[in-house]
Amino acid sequence: MPTARPTSRIPLNTLAAPFGLAGFAESWTYAAPVLGVPDVVPQVFWGIAAVAWVWLLGAHVLRGARVAERLVDQLRHPAQGPIAALVPATAMLLGVDLARVWPTGGRVLVLVAVAVAAGFAAWLLSTWFEGRLTLEAVHGGYLLPTVAAALVAAVATHEVGVTGLSWACFGVGVFFWGVMTGLLLIRLSFRAALPDPLVPTMAILVAPPAVATVSLFALTDDALTLPVQAIAGLGVLMFLVQLALLPRYVRLPFSLGAWSFVFPAAAVVTAAVEWFRVLDLPLAAVPTTALLALLSALVAVVGVRSLHLAARHLLGQAESVLQAADDEDAAPAAGPAAGPTAR
């Protein structure tokens with residue numbers, strides 16, 4: 001039986017896969033000196049992340065050429081639009097790694113990605129200012145264009161030697177971290193629960209304090225400043241929230257939305273490894289190994305189950321699940337009693 005011709009673009013939620021893989025590779029890069037692991041090991045993971053990013057971008061472009069749905073309409077979609085920020089955010093991480101072997105190329109990639117991220121964030125904010133969004137449409141992905149991209153940019157620009165931009169990016173990220181987190185907490189607390197495939201986006205709440213920690217250590221030459229200590233306290237609280245949410249996460253049926261777990265988990269591991277290094281923690285290799293093992297297990301489970309969907313030719317169905325969840329999230333609720341698909 002021939003495969004039905006697709007009628008819509010690939011959901012932008014799928015971009016969480018290369019972003020998560022890049023975060024995973026970054027965790028290995030930071031942990032490698034602690035564990036005495038050869039540089040080739042994290043470079044293998046960076047290669048996988050780069051291939052996934054290029055392949056998925058190509059898949060999105062090819063699908064877009066085959067369907068009537070316009071890219072601008074997808075970017076304006078209340079649930080999907082913000083997630084497009086993962087394209088330049090992933091490029092920033094890949095640019096930092098590229099700069100280790102080709103400084104000029106890596107620097108150019110980071111700067112282009114920062115420019116694209118800034119332009120997209122500005123455009124997206126301008127569309128939000130039209131007043132057509134509903135609170136129900138907000139999910140964890142709303143932190144991506146102005147918070148995640150900016151904080152990643154703060155680290156990336158510092159790593160490639162463009163430190164003049166680093167504090168500017170950090171300032172943008174911190175400002176919108178407060179704004180968007182407050183908005184997200186209001187939505188999660190006073191509106192209907194997120195559809196199951198979007199529930200993993202709640203994990204992003206733990207990412208800003210983790211990435212901000214790595215940024216501050218980089219920008220202050222590992223100084224134990226009051227801001228980094230304050231952010232650590234917030235990070236611990238957000239981590240405890242995620243632990244409390246574990247029973248809900250475990251009950252979720254698997255979907256490609258599970259990739260939204262990976263980058264936040266990787267960011268926490270990277271931040272923890274940085275704290276071990278700055279504090280010169282004795283036997284730091286022990287907790288570092290444990291954290292990397294847990295992170296690697298998460299990536300393996302999500303990756304294998306995603307490949308299993310591909311092997312069984314179920315990616316089209318998986319896309320439909322994400323698309324339906326995005327449309328459900330974007331639709332205005334009829335009232336406080338409205339909720340996601342019954343569990």
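The values are calculated or read from the model by the stated rules, or taken from the named source; none is laboratory data. Because the structure is a prediction, the values reported are computed rather than measured. In this analysis, Cβ positions are derived from the backbone assuming ideal geometry, glycine residues included, and neighbour counts consider all displayed protein chains. The protein model used for the area step is the full one, side chains on, heavy atoms only, and it has no ligands, DNA or RNA in it. Shrake-Rupley method; radii C 1.70, N 1.55, O 1.52, S 1.80 Å.
Brief remarks follow.
- Segment 195-259 shape via C-alpha gyration tensor axes, a/c threshold 1.5: prolate
- Between Val262, Val44, Val112, the residue with the greatest mean-square fluctuation in the GNM of the chain (Cα pairs under 10 Å linked by springs) is Val44.
- The chain: angle of helix 262-278 to the longest principal axis, Cα-based, in degrees nearest 10: 10
- Between Leu279 and Arg5, the FRET efficiency from the beta-carbon distance, with R0 = 41 Å, is close to 0.10.
- Distance in nm between pseudo-label sites at Thr289 and Leu71 (7 Å out along the Cβ direction from Cα): 4.7
- For the chain, built as a Gaussian network whose Cα springs stay under 10 Å, the top-fluctuating residue of His60, His308, His139: His308
- Put a dot 7 Å past the Cα of Leu183, heading toward its Cβ, do the same for Val241, and the two dots end up 1.6 nm apart.
- Straightening the chain between Val51 and Ser126 buys 23.7 nm, computed as 0.36 nm per residue apart minus the Cα-Cα spacing.
- When the charge dipole of the chain is built from unit charges on Cβ atoms (+1 for Lys and Arg, -1 for Asp and Glu) and taken about the Cα centre, the candidate among Leu298, Ala325, Val273 whose Cα reaches farthest toward its positive end is Ala325.
- Within the listed set Ala311, Ala117, Ala324, the residue fluctuating most in the Gaussian network model of the chain (springs between alpha-carbon atoms under 10 angstrom) is Ala311.
- Taking every C-alpha pair closer than 8 Å and separated by at least 6 residues, the mean separation divided by the residue count of the chain gives a relative contact order of 23 percent.
- Looking at segment 1-48, the pairs of alpha carbons with a distance over 11 Å make up 72% of the total.
- Stretchable slack from Val40 to Asp327, in nm (0.36 nm times residue separation minus alpha-carbon distance): 99.1 nm
- For Asp39, solvent-accessible area (1.4 Å; no DNA, RNA or ligand), Å²: 110
- Cα-based Kirkwood hydrodynamic radius, segment 188-343, one decimal, Å: 17.6
- Taking the inverse of the mean 1/r over every pair of distinct Cα atoms in segment 1-95 gives a Kirkwood hydrodynamic radius of 14.8 Å.
- Listed values for segment 143-151 are Karplus-derived 3J(HN,Hα) couplings in whole Hz (6.51 cos²θ - 1.76 cosθ + 1.60, θ = phi - 60°), namely 7, 6, x, 10, 9, 4, 4, 5, 5, and x replaces Gly and Pro.
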